[in-house]
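The values are calculated or read from the model by the stated rules, or taken from the named source; none is laboratory data. Everything numeric in this text was worked out from a predicted model, so none of it was measured. Note that we place each Cβ from the backbone using ideal geometry, even for glycine, and neighbour counts take in every protein chain shown.
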Amino acid sequence: MRAMQTPEELRDYKPDFEPHHWTDEDRRYLSPFVTNVDGLVSVISHNLPPEITGALCSRASRATGSLTEVLLKEYIKPILEGEDKELAAELNRTIEFLERGGFRKILNNQRAQSFYARWLSQYGDDSIAQLTGTHVVLWGISQLAMKFLEDRRIGLEPLEKSTRYVNFSNKVNGNYLYYTPKPDLEKLNLLQDYRATLDHLFDTYAALLPKLLEWLKVTFDDKESVLEKKAFDTLRGLLPMATLGQVAFRGNAQAFEYAINRMAGSNLGEFRWLAASLKQELDKEIYSLLLRLEDEKTKHYQEYLSRRHDKIREFIGEKQWEKDAPAAKPGVQEVLLAEYTPDAEENIIAGILFPEFHGSWAEALAHVKNLDEAGRREVIKRYLPGREQRWYKVGRAFENAYLRFEITMDIGAYRDVQRHRMMTQDRQRFSTHHGYAVPAELTGAGLETPYREAMDKAAELFRRLEGADPDLAQYVVPLGYHIRFYQWQNFRQFFWEAELRTISQGHPDYRTVEQKKYLLVKEKFPLLAEFMLVDMNDYAIARRGTEDKIVEKEKKILERLQNKAGS
C-alpha cells in the first residue's frame with residue numbers, strides 16, 4: 001500500500017498560478033537557497049544565515065510578489081550589480097561551492113541521516129524531530145488551505161500575506177488570484193457558476209476601490225498611503241476563501257510531519273496536493289526526518305486523522321441536530337462568556353503565593369480565602385510591581401484559572417485572532433449561515449448596494465455547493481461573512497491577547513471583540529480586570545507612531561548593531 005500520492009498524480013488540483021519568469025542566471029543564483037525556484041511550494045535552504053531567512057520570511061505579509069523575488073532583488077542582485085567587485089566575485093565563488101554540494105558533502109551528512117533513520121523512523125523518538133526544522137514558503141495557496149495549516153498550533157510559526165494592506169484587484173496572467181477546484185466543480189456541473197461568482201466578487205472589489213478611496217480622502221485628514229490601506233481593509237470582506245495568498249512557516253520536523261499527515265487524507269484535492277508538494281520539497285532539505293511518511297502504516301494514520309470529522313458529521317446528521325440548529329443573529333458580532341473558573345481570583349492568588357513558601361496548595365488557598373479584598377489586591381500589586389507596558393508579561397500564576405468565550409465575528413478579522421495559538425480554540429466550517437455586516441465606510445460612501453449584491457450572489461452559490469460538499473463550499477465564502485468559534489484560555493493568555501489586540505494599530509472588528517471580552521470579565525472579576533492594560537478607545541483608522549519617530553528609532557538601532565559588528 002502506498003502512503004502518499006505525488007504532486008504529479010495530483011496535478012489537476014494544483015493552483016493554476018505561475019508567479020515566476022526567471023532567466024537561467026536568476027535560477028543559478030537562487031537554486032542554492034530555495035528548493036523549488038519555479039514552484040509554489042519551496043523550502044528556504046540552510047545555506048542562508050538565520051537573520052536573512054527571518055527577514056526574508058517576515059516580508060510575506062506585504063510583499064506584492066513572492067519571497068523568492070525579494071531574495072533575488074534585495075539580497076543577491078545588489079551584490080552582483082554593486083560597486084564592490086571583490087564582494088560580487090566572492091558571491092560567485094560561494095555559489096560554485098554550494099553547487100558542488102556545500103557543507104553537506106564536506107561534513108558527511110550521511111552520518112546525521114543514519115542517526116535520524118534509526119532513532120526517529122525506526123524507534124519513534126519524536127523528541128529529536130523537534131530539534132531540527134526549516135523554513136517553508138507557500139505562494140499561491142487558498143485562504144482555506146492557509147487557515148488549515150495555521151491551525152497546527154505547536155511547532156509551526158506562520159506569517160501570511162495580509163488582506164488588509166495589499167491590493168487584490170490586479171490580475172496575474174489575465175486571472176484574478178483565486179483557487180479553482182476544477183475536477184470537483186466539473187463533477188457537480190458548477191465550474192462556470194463558480195468562476196462567474198468569484199470573478200464578480202473581484203470585479204466588485206476592483207470597481208469600488210477607487211470610489212471608496214476618493215470618499216476616504218474627503219472624509220479623513222490622513223496621508224493617501226494610509227487611506228489606501230484603509231480602502232483595502234474595508235473591501236477585503238469581498239475576497240473569498242479561495243483567494244490565493246502567500247505564507248511563510250518556520251517549523252520543526254515533527255510539526256511538518258503532522259501537518260502533512262493531516263492534509264494527505266483530506267477530502268479537498270488542494271490539501272492533498274499541498275501535502276504531497278510539502279513532502280517533496282522538505283525531502284530535499286530534511287529527508288531523513290520524514291521517512292515515516294513513506295511507511296504503509298502512515299496511510300492508516302492519515303485516514304484516522306481525516307475521517308473522524310466525517311464520522312461525527314454523519315452522527316449529527318443522523319440525529320438531525322443541524323436541521324434545527326439556531327444560527328447567530330445575521331451579521332451581528334457576538335461575544336459570550338460561556339464558561340469560566342468560578343474561583344479564578346482565589347486560584348490565581350494561591351498560584352502567586354505557592355512558590356514563595358513551603359506549605360501545600362490547600363494551605364495557600366486557605367490563606368487566600370482569609371484575605372479581604374484589600375489584602376488580595378496587595379498580593380497582585382506586589383506580583384506585578386511597576387507593570388506599565390503590555391509586553392511586561394504577567395506571570396505563570398495567572399494560568400490557574402480559565403475562560404471560555406464563544407465568539408461570532410467576520411472571517412477577515414478572525415484571521416488575526418486565530419494567530420493566538422497558545423490556547424485551545426476551534427471553529428465551525430466557513431459558511432454564509434451567520435450573515436455579514438456592511439462596513440460603515442461603504443454605507444457612508446454610497447457603495448452599499450454593489451457590495452451586498454456580490455455578497456448575496458456568493459451566498460447563493462454556497463448554498464448550492466453545501467448540499468453536495470460542505471467542505472468544498474467553503475472556497476466561495478467571502479471574508480466579510482461571520483464565523484462562530486470558541487476560545488478556551490487561561491487568564492495569562494487572556495491578558496496577553498486582550499491587551500495586544502486593543503492597541504490603536506488593531507483592526508476595529510477584533511478590537512471590539514477584545515473590548516467586549518474584557519468587559520465580560522470585568523463584570524465577573526473586577527479585581528483581576530483592574531490590573532489589565534486594555535485600550536477602550538475607538539479608532540476609525542489604525543494609528544501607528546509618526547513616521548519621523550519610527551525612522552529615528554530605526555537609525556539608533558542600526559547604529560547600535562553596526563557598533564556591535566565593528567567591535
Those residues that are outside any helix (DSSP H, G or I) and more than 15 Å from residue 244 (Cα to Cα), I need them from the stretch 176-204; list them, please. 189, 190
What number of residues within the stretch 141-158 are crowded, with 18+ Cβ neighbours inside 10 Å and either assigned to a loop (DSSP other than H, G, I, E, B) or of a type in the set (A, V, I, L, M) (or both)? 8
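Among the residues of the stretch 523-534, write down those that are surrounded by 14 or more Cβ atoms within 10 Å (Cβ to Cβ) and out of contact with any Asp or Glu (no Cβ under 8 Å at 6 or more places or on another chain).
Restricting attention to the stretch 523-534, the residues satisfying the condition of being surrounded by 14 or more Cβ atoms within 10 Å (Cβ to Cβ) are 524-525, 527-529, 531-534.
524, 529, 531, listed by residue number.
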Is it the case that some residue within the stretch 365-385 is at pLDDT 95 or above, under 36 Å from the mean Cα position of the chain (by Cα), among the basic types (Lys, Arg) and within 25 Å of residue 523 (Cβ to Cβ)? yes
In the stretch 220-228, is there at least one residue being in contact (Cβ under 8 Å) with a residue 60 or more places away in the chain, in a helix (DSSP H, G or I), out of contact with any helix residue (DSSP H, G or I) (no Cβ under 7 Å at 6 or more places or on another chain) and of a type in the set (Val, Ile, Thr)? yes
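Would you mind stating whether residue 90 is over 28 Å from residue 139 (Cβ atoms), assigned to a loop (DSSP other than H, G, I, E, B) and at pLDDT 90 or above? Steps first, answer last, please.
On the way: over 28 Å from residue 139 (Cβ atoms): yes; assigned to a loop (DSSP other than H, G, I, E, B): no; at pLDDT 90 or above: yes.
So residue 90 fails the test.
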Considering residues of the stretch 15-34 that are out of contact with any Ser or Thr (no Cβ under 8 Å at 6 or more places or on another chain) and part of a loop (DSSP other than H, G, I, E, B) only, the residue nearest to residue 184 (Cα to Cα): 17
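Could you check the stretch 195-209 and list, in sequence order, the residues that are of a type in the set (Ser, Thr, Tyr) and in contact with a Phe, Trp or Tyr (Cβ under 8 Å, 6 or more places away or on another chain)?
Step one: of the stretch 195-209, the residues of a type in the set (Ser, Thr, Tyr) are 197, 204-205.
Passing the criteria: 204, 205.
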Is there any pair linking a residue in the stretch 341-354 that is closer than 16 Å to residue 382 by Cβ to one that is assigned to a loop (DSSP other than H, G, I, E, B), with Cβ under 8 Å and at least six apart or on different chains, and which? 345/401; 345/525; 348/401; 349/371; 352/395
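Provide a single number: the residues in the stretch 449-489 that are in a helix (DSSP H, G or I), touching an Asp or Glu at 6+ places or on another chain (Cβ under 7 Å) and of a type in the set (Gly, Ala, Ser). Give the steps one after another, and end with the answer.
Keep residues of the stretch 449-489 that are in a helix (DSSP H, G or I), which gives 449-468, 472-476.
When the remaining residues are screened for being touching an Asp or Glu at 6+ places or on another chain (Cβ under 7 Å), the result is 461, 472-473.
Next, from what is left, pick out any that are of a type in the set (Gly, Ala, Ser): 473.
Number satisfying all stated conditions: 1.
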Filter result for the condition that a residue is surrounded by 12 or more Cβ atoms within 10 Å (Cβ to Cβ), basic (Lys, Arg), in contact (Cβ under 8 Å) with a residue 12 or more places away in the chain and touching a Leu at 6+ places or on another chain (Cβ under 7 Å), over 429, 396, 376, 404: 376
Give me the pairs, please: first residue somewhere in the stretch 77-92 and surrounded by fewer than 10 Cβ atoms within 10 Å (Cβ to Cβ), second residue anywhere and of a type outside the set (Ser, Thr, Tyr), beta-carbon distance under 7 Å, and either six or more positions apart or on two chains. none
Look through the stretch 219-261, keep the residues that are among the small types (Gly, Ala, Ser) and closer than 18 Å to residue 442 by Cα, and return whichever of them is farthest from the chain's Cα centre (by Cα). 231
